[in-house]
1. Residues to consider are Gly52, Gly61; find the one that is part of a loop (DSSP other than H, G, I, E, B) and either under 22 Å from Lys134 (Cβ atoms) or of a type in the set (Asp, Glu) (or both).
2. Surrounded by 17 or more Cβ atoms within 10 Å (Cβ to Cβ), under 15 Å from the mean Cα position of the chain (by Cα) and of a type in the set (Asp, Glu): which single residue out of Glu82, Glu43, Glu31, Glu50 fits that description?
3. Can you tell which of Gly123, Gly75, Gly81 is in a loop (DSSP other than H, G, I, E, B) and closer than 18 Å to Glu43 by Cβ?
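No value in this document is a laboratory result; all are computed from the given coordinates. Bear in mind the structure is a predicted one, so any value in this text is a computation, not a measurement. Please note: Cβ atoms are built from the backbone with ideal geometry, for glycine as well, and neighbour counts cover all protein chains shown.
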Amino acid sequence: MPLMTWRNGAAALLGTVAVWLCQVPPLGAMEIIGQAGVLGEWELTGHLTESGPDARRQFSGPLKMRHVGICAQDGPEERAGEIKLQISGADSQVTAELVLDGAPCTYSARKTHNYEGTLSCEGRAPVPLLVWLK
């Protein structure tokens, strides 16, 4: 085999491996999206990474909630925070602790087509929260 052909083949293989490595999502990472409120007037988004070696799969990361209802006069209200989420029971149960704009909140849900549960924040009435994990 001529040296030039070997170099071209090796370069092509290295290029393919580099492209593949750049496209692989990080292990233990997921996206969280959701709708909170009786009318789904709050949009929830975040990117979570695995945060514990526990078998109950624990994830954490930054979180944003944005009011998407029609009654926002000065643009959408936004809240930022953090979430610690645990998945258990063969992915059928989710529990989470959230801090949104300094207010501690909890969430517990069972999986149907999504995770359906209630978000409870200190000093506020509990609201329905639907969550999808990707």
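1. Numbers: Gly61 fails: part of a loop (DSSP other than H, G, I, E, B).
Answer to the check: Gly52.
2. Values: Glu82 fails: surrounded by 17 or more Cβ atoms within 10 Å (Cβ to Cβ); Glu31 fails: surrounded by 17 or more Cβ atoms within 10 Å (Cβ to Cβ); Glu50 fails: surrounded by 17 or more Cβ atoms within 10 Å (Cβ to Cβ).
Glu43 is the lone residue from the list that is surrounded by 17 or more Cβ atoms within 10 Å (Cβ to Cβ), under 15 Å from the mean Cα position of the chain (by Cα) and of a type in the set (Asp, Glu).
3. Working: Gly123 fails: closer than 18 Å to Glu43 by Cβ; Gly81 fails: in a loop (DSSP other than H, G, I, E, B).
Gly75 is the lone residue from the list that is in a loop (DSSP other than H, G, I, E, B) and closer than 18 Å to Glu43 by Cβ.
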